[in-house]
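Read the structure below first, then the notes.
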Amino acid sequence: MTIPFLDLKTISAQYRQDLIEAATRVIDSGWYIQGTELKAFESEFAAYCGTQHCIGVANGLDALTLTLRAWKELGKLKEGDEVIAPANTYIASILAITENRLTPVLVEPDPATYNISPAKIRAVITDKTKAIIAVHLYGQLADMPEIMSIADEHGLLVLEDSAQAHGAAINGRKAGNCGHASGFSFYPGKNLGALGDAGAVTTNDDELAQTIRALGNYGSHKKYENLYQGVNSRLDEMQAAMLRVKLKQLDAETERRKEIALAYAKGIQNPIISQPISADNTLLALEKHVFHLYVIRIVEREAAQAHLAKAGIQTLIHYPIPPHQQQAYKRWNDQSYPLTEAIHQQVLSLPISPVMTDDQVNAVIAACNSFKMQ
Ligand SMILES: *Cc1c(COP(=O)(O)O)cnc(C)c1O
């Protein structure tokens, strides 16, 4: 038996007929950019998140970059302002900051959740701090109530990076509707994935929404009139149509992810493996986690990965190198974030695709339980 990490082929095959019908609708319409599919998807996804606005853009990185850029155009941020962000995140969260010539201030996570620690946010706030990027890493909502109260106290903007957390919620309030704005990715491997690149921003701020919409369309708010030196970052009709099909299935897929996560939490009983949730969690308590990834920690990661591979189980590492140790950010290479560095050395993501069978889930559990210290 081989167990792929994420079986996109089987996921798409389930919705094949609906996807083909949606693609045919777009082909036959003769209208491929900024049309009715995008409009419909934007209102459906805004309704899903509970926000006033959803603005489709080309990808998740653009969603984050354009939001910070819009705040600059609106005079709420300026070059050199400090933006607090997690040290352990996918590099896109940080690229959005540096692309705008803002200064990232990296903060270590809470080791239990891997999400940015509110106490450590408080410790780095200065007069120059103007915004926080809260990443909902691995699909688990960051501590948004606490982060928003810090932001209110200090007058900071909060941008959620919801690329991994479509549908995660706290007390019914969903990712995308917790901060002042939120960037989503619909990269194929995300919980809500297109069949290509796509992204969106959600917000309740009318002015921000208008500005992002203009920035992503050459800076134009009105045909042939340009307010800003914008970019071309649009979500096309074909991907919007694919996303409308996939959005209808999102909650059911998330439920299956949670079932698999709970099976792992209960079934994996190996004292050298740290789990992301405890075995007595209920699905209800898992409201805030949509398990984009199921990430275990193990000191002897490479050996564990090889052991699982021998059993036909594909695992991945999210992520092997933290942003501050990348070549791209050479100037930060001598900075030290010990917790982040330890996490990057020890994390291992188990397969968690919504189409996994119970037999496959049990095979992963058995392989984890048979791994022994080398
Ligand atoms: C995937 C991802 C992004 C970037 O999204 P793209 O659509 O690939 O540009 C940003 N932040 C996080 C946390 C992500 O996982």
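All of the numbers you see were taken from the coordinates with simple rules; none came from a lab. Quick caveat, the model's predicted, so the values are computed rather than measured. Quick reminder, even Gly has a Cβ in these numbers, built from the backbone with ideal geometry, and neighbours come from all protein chains shown.
Quick notes on this structure:
- Answer residue from the range 247-281, given it is in a loop (DSSP other than H, G, I, E, B) and among the β-branched types (Val, Ile, Thr) and is farthest from Ser43 (Cα to Cα) among those: Ile272
- Qualifying residue in the range 314-324 (condition: away from the ligand (no atom under 16 Å from the Cβ) and assigned to a loop (DSSP other than H, G, I, E, B)): yes
- If the condition is being exposed (fewer than 14 other Cβ atoms within 10 Å of the Cβ) and either in a loop (DSSP other than H, G, I, E, B) or within 18 Å of the chain's Cα centre (by Cα) (or both), then the range 325-351 contributes Asn333, Asp334, Gln335, Ser336.
- Looking across the range 90-108 at every residue that is of a type outside the set (A, V, I, L, M, F, W, C) and within 13 Å of the ligand (Cβ to nearest atom), the one that is surrounded by the most Cβ atoms within 10 Å (Cβ to Cβ) is identified as Ser93.
- Residues that are within 13 Å of the ligand (Cβ to nearest atom) and assigned to a strand (DSSP E or B), drawn from the range 185-219: Ser185, Gly199, Ala200, Val201
- Leading residue by the ranking (nearest to the ligand (Cβ to nearest atom)) among those in the range 61-89 that are part of a loop (DSSP other than H, G, I, E, B) and of a type in the set (Lys, Arg): Lys76
- Taken as a whole, the structure places Ile3 among residues that are farther than 24 Å from Ile147 by Cβ and surrounded by 22 or more Cβ atoms within 10 Å (Cβ to Cβ).
- Candidates are the residues of the range 148-184 that are within 16 Å of the ligand (Cβ to nearest atom) and among the aliphatic types (A, V, I, L, M); the one that is surrounded by the fewest Cβ atoms within 10 Å (Cβ to Cβ) is Val158.
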